[in-house]
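Where a number appears in this text, it was derived from the coordinates with a stated rule and is not lab data. None of these values were measured; they are calculated from a predicted model. Note that each Cβ is placed from the backbone with ideal geometry, even for glycine, and that neighbours are counted across all protein chains shown.
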Amino acid sequence: CGAITRPAFEAIEGFDVSLHACEDIEFGWALTQAGYQVELVKAMQVEHLKTYSLTGLMRSDLRARAIPWTRLIRAGRGEMGKLNTGRDGVLATAWTGVFWLALFATPLWPSAAPAALLALAGMAWHSRALLGFIRRRRGILFSVGAIAALALHYSICGLGFVAGHLAKPYPSQRAAVPEYRYAERTQRVKTSPVALERS
């Protein structure tokens, strides 16, 4: 969730509406490229009103996050090391990939089983901050179950990373501003939102 002043929003011509599911990420990047600073307000709490099923969450993580974010980064309109592409997130995803490789190799090479467990431990280690938070709030058993959920999440991240590299990258430049935005500006029609980033 975020808020922005109208002058800053209009200075970079708002969102790139040609993007799918990552226009808010690109918007923040475009702001910083234009010299603006994005301030994190840690004390702010926001509650999502969305209701997800497991399959809906998996579909959203793949099609509305992992794939479009990868395409955006490939286009040079985003940065690694931000949000879920930080060091721990990348390494946790890599460890999850090793886990699946070792798991599928185990029937042919039983000696690969310890490697699968080691990879799962590596994934958990790089997720220790989140798992520690879950343990403090819900207890040890719940946090152990969260490891399985995280393994699924990072599996989708890895799949989306591969699919995003197979897909065509987004254009390296922002799309032309739609004509209706110029009409809004000239007619002073106050229809565009002031707070325009949603997570």
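In what sequence, highest mean first, do 131-144, 15-28, 96-109 appear when ranked by Cβ atoms within 10 angstrom?
15-28, 96-109, 131-144
Rg over Rh of the range 14-87, using C-alpha atoms and the Kirkwood radius, what does it come to?
So for the range 14-87, dividing Rg by the Kirkwood Rh gives 0.99.
Counting only Cα, what are the radius of gyration and maximum Cα-Cα distance Dmax of the range 40-134, in Å?
My reading of the Cα-based Rg and Dmax gives 16.7, 52 Å.
At q = 0.13, 0.15, 0.22, 0.23 Å⁻¹, what log₁₀ I(q)/I(0) does a Debye calculation on the Cα points of the range 83-171 give, no solvent, two decimals?
Treating every Cα as an identical point scatterer, log10 I(q)/I(0) equals -0.48, -0.62, -1.05, -1.10.
In what sequence do Tyr154, Tyr52 fall when counting other Cβ within 10 Å, fewest first?
In increasing order of surrounding Cβ atoms, one gets Tyr52, Tyr154.
When Val90, Val162, Val46 are ordered from fewest to most other Cβ atoms inside 10 Å of their Cβ, what list results?
By the 10 Å Cβ count, ascending, the order reads Val46, Val162, Val90.
How far is the Cα center of the range 42-80 from the Cα center of the range 82-132, in Å?
Value for the Cα centre distance between the two parts: 21 Å.
Quick one: net charge of Gln33's neighbours, Cβ under 12 Å, K/R +1, D/E -1?
0
I'd like to verify something in the chain: which complete DSSP H helices, judged by Cα projection on the helix axis, reach 24 Å or more and average at least 0.5 on the Kyte-Doolittle scale?
Answer set is 87-105, 140-166.
Grab the Cα-Cα distance for Lys50 and Ser172, subtract it from 0.36 nm times how many residues apart they are, and report the gain in nm with one decimal.
Separation in residues times 0.36 nm, less the Cα-Cα distance, equals 40.7 nm.
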